[in-house]
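**Student:** Here's a structure for you.
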Amino acid sequence: MPLKRRIDTVEATQRIILENLAEIRENQKEMKEMLGQILSSKSGPKDVIVEDVIQSPAKSEEELLEIIRQLESPEFKKKLINLLSTLGGNKVGDTVRKMLRVLGTNESCIKIHRCSVSEVEECIAETLKHAPAQKDGPRYKKKPETNTNQPADQRAENNNLE
């Protein structure tokens, strides 16, 4: 192939590559704008201020019980869910830790039960490990109902067979 023809082919290839790169850049710009619109339309961290929902993480059993009591209000519950869902994190564990830090401190549990930080962390980990199998969790299995008309010793025998 003559040199002039090869140069023309290389230049044509370069032109095509540059056009494709320009198109990719334009697509990225459009996607960035769309993502910005999506994020601004949802209630994000700018819309939900922690102090508007919870004044500070619970430091005592009383403060934790107060948060639980407030959850009876559908409005508070919705605000809390919106707040917790905006915290984000790189991994599930990061997000859970952020959520727990908003709700309470380890000190409240340590004060109540006179235990160590590692014991609190182990209990949290154990609770979260089994959370999917709890009621309303994705792996929850409803236990079969027992026949209350059977005598107690027969019910116990049937439970042992399971």
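Laboratory data are not the source of any read-out in this text; all were calculated from the coordinates shown. Worth saying up front: this structure is predicted, and the values here are computed from it rather than measured. With ideal geometry, Cβ positions are generated from the backbone for all residues, glycine too; neighbour counts draw on all protein chains shown.
**Student:** Can you list residues from other chains, or at least 5 along the same chain, whose modelled amide H is less than 5 Å from the amide H of residue 58?
**Tutor:** 104, 105
**Student:** So, with +1 on the Cβ of K and R and -1 on the Cβ of D and E, and no other charges, what is the size of the charge dipole of segment 50-133 about its Cα centre, to the nearest 20 debye?
**Tutor:** Result for segment 50-133 is approximately 260 debye, rounded to the nearest 20.
**Student:** Quick check on the exposure proxy: order 97, 139 from fewest to most C-beta atoms within 10 angstrom.
**Tutor:** On the way: 97 15, 139 9.
Least crowded to most crowded, the residues run 139, 97.
**Student:** Also, I was wondering about something else. Expected output is a single nm value to one decimal: the length gained when fully extending between residue 72 and residue 14, i.e. 0.36 nm times separation in residues minus the C-alpha distance. What is it?
**Tutor:** Values: separation 58, 0.36 × 58 = 20.88 nm, distance 6.49 nm.
Length difference between fully extended and current span is 14.4 nm.
**Student:** Let me ask another. Could you check the spin-label model distance between residue 61 and residue 140? Points 7 Å from the Cα along Cα→Cβ, value in nm.
**Tutor:** Between residue 61 and residue 140, the simple spin-label model gives 2.7 nm.
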